Structures are given as C-alpha cells and as structure tokens.
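K.L.:
Below is a structure I'd like to ask you about.
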C-alpha cells in the first residue's frame, strides 16, 4: 500500500540541510523503484508489491487472503504526480482459489506533506466473478449467484510525529465472508529511511494486524 521535505537559509543552511538529510522521508528526489508491504493477522493476510518499470509505468501485484479464500491481482499502472499528490490508475487481472478470473480496474493514491500523509487502494472487477451458493429452505445449495467484487483497502490519513505515523484507517473488502466495512487505527514506525513497521487495529470485531513496509 504502500513516500517524505526540508528547506534552509544562509550560514545555518549547512546545519539545516544536514538536519533535513536526517528527516525520515524526503519528498524530493526520484520515486522508489520497488515498494512492498506485508500485513497479516490470524484471519487476514495482505501483500502488495509495486515495481516501477520506466517511470511513470509500473507493475502492481496485490494479494488478499482470508481463512477460506484468497484473491490475487496483477496489472500495469500509470502514475500522475503533482505537488505531493500521486494518482495511479491501472488495469489488471484478478484470480483466486474460489473466484473466477476477471479483468479489474485499479487505482492507488497518496498525498503527503511534511507532517501528514494519506493513501489508499481501490480495485473493482469489470466482470461478475464471485460465485456464491444460495441455500433454499431445505439447506441444500440450489442455485448460484455471481457478484462483482470490490476492494477499498488501506485508506488512511496519518499524522507524522518524528519517526512515527498515526491516524484513522478504513477498508471495505468484498472478498471477506461478511463483506462489511471495517475501521480503526493505523500506526507505523520508521526504522530506517526505507523500512517501516506497520500496525493496524480494526473493528467492529477486534482484529490486530502487524507488518512491514519496504522500498528501494
């Protein structure tokens, strides 16, 4: 899911620039060639890898897993950047253990300033591909409904407090059995300029996730 500024005046500029170099994530400079994030709990696992081929073109791969199902998405995306805002629409192919393959549209976004950032991922299938067994009164599966699938994942607005990031988080992943909205809190700690530890606490049914984000 997967980013960071400084300025300075005259004589003190050397010290200021040295301090700026120590800032966790500079906003300026070329974007990372590879971004990866892995987050998991006992009932949900997620992985995202973005490989920039020839900026602004990238290969995106996402995987979402629950207790009895999983879904993978792979495709190409194109980044539009403007003053800290990055919009990255794309096209891909979704596949999974119990889901029929289908084309999807994707969109990633991020907007960041020195003291805060927001980002998220949206995936929408272009073809109905999620079969669901419908039981009649006798309890036997009598027919099959097919649904379009949708993912709104990792949407957060986080304040930056030194090396820490903290803020509200929301998601809606239709591959879950309950297919409900979840909300909570996301926290991250910048271990180095390239590595972050990530924690998420979500409800209404308490779920705690932990993971790692990395870029180069």
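Readers should treat all values here as calculations from the given coordinates under stated rules, not as data from a laboratory. It should be emphasised that the depicted structure is a prediction, and the values quoted were computed from it without experimental measurement. Here the Cβ is made from the backbone with ideal geometry for all residues, glycine too, and neighbour counts use every protein chain on show.
K.L.:
With N set to the number of residues, divide the alpha-carbon radius of gyration of region 33-215 by 2.2 N^0.38 Å and report two decimals. The partial results should precede the final answer.
P.N.:
Values: Rg = 17.4 Å, N = 183, 2.2 N^0.38 = 15.9 Å.
That ratio works out to 1.09.
K.L.:
Listing 88, 106, 42 from the residue with the fewest other Cβ atoms within 10 Å to the one with the most, what is the order?
P.N.:
By the 10 Å Cβ count, ascending, the order reads 42, 88, 106.
K.L.:
While we're looking at this one, here's another question. Could you calculate the contour length gain from residue 59 to residue 81, that is, 0.36 nm times the residue separation minus the distance between their Cα atoms, to one decimal place in nm?
P.N.:
6.2 nm
K.L.:
Can you give the Rg to Rh ratio of region 75-114, both from alpha-carbon atoms, with Rh computed by the Kirkwood formula?
P.N.:
Working: Rg = 13.8 Å, Rh = 11.6 Å.
Reported Rg/Rh, Kirkwood definition of Rh: 1.18.
K.L.:
So how do 64, 38 line up by other beta-carbon neighbours within 10 Å, fewest first? Each step should come with its number before you reach the end.
P.N.:
Working: 64 22, 38 16.
Least to most surrounded, the residues fall as 38, 64.
K.L.:
Next up: Multiply the residue gap between residue 166 and residue 97 by 0.36 nm, knock off their C-alpha separation, and tell me the result in nm, one decimal place.
P.N.:
Full extension of this stretch gives 21.4 nm more.
K.L.:
Could you check the simple spin-label distance between residue 208 and residue 191, using points 7 Å along Cα→Cβ, in nm with one decimal?
P.N.:
Label-label distance for residue 208 and residue 191, simple model: 1.9 nm.
K.L.:
Can you give the extra length, in nm with one decimal, that the chain gains between residue 43 and residue 152 once fully stretched, where that is 0.36 nm per residue apart less the Cα-Cα distance?
P.N.:
Length gained, residue 43 through residue 152: 37.5 nm.
K.L.:
Cut-off is 10 Å between beta-carbons; in what order do 209, 52, 163 appear when sorted fewest neighbours first?
P.N.:
Ascending number of Cβ neighbours within 10 Å: 163, 52, 209.
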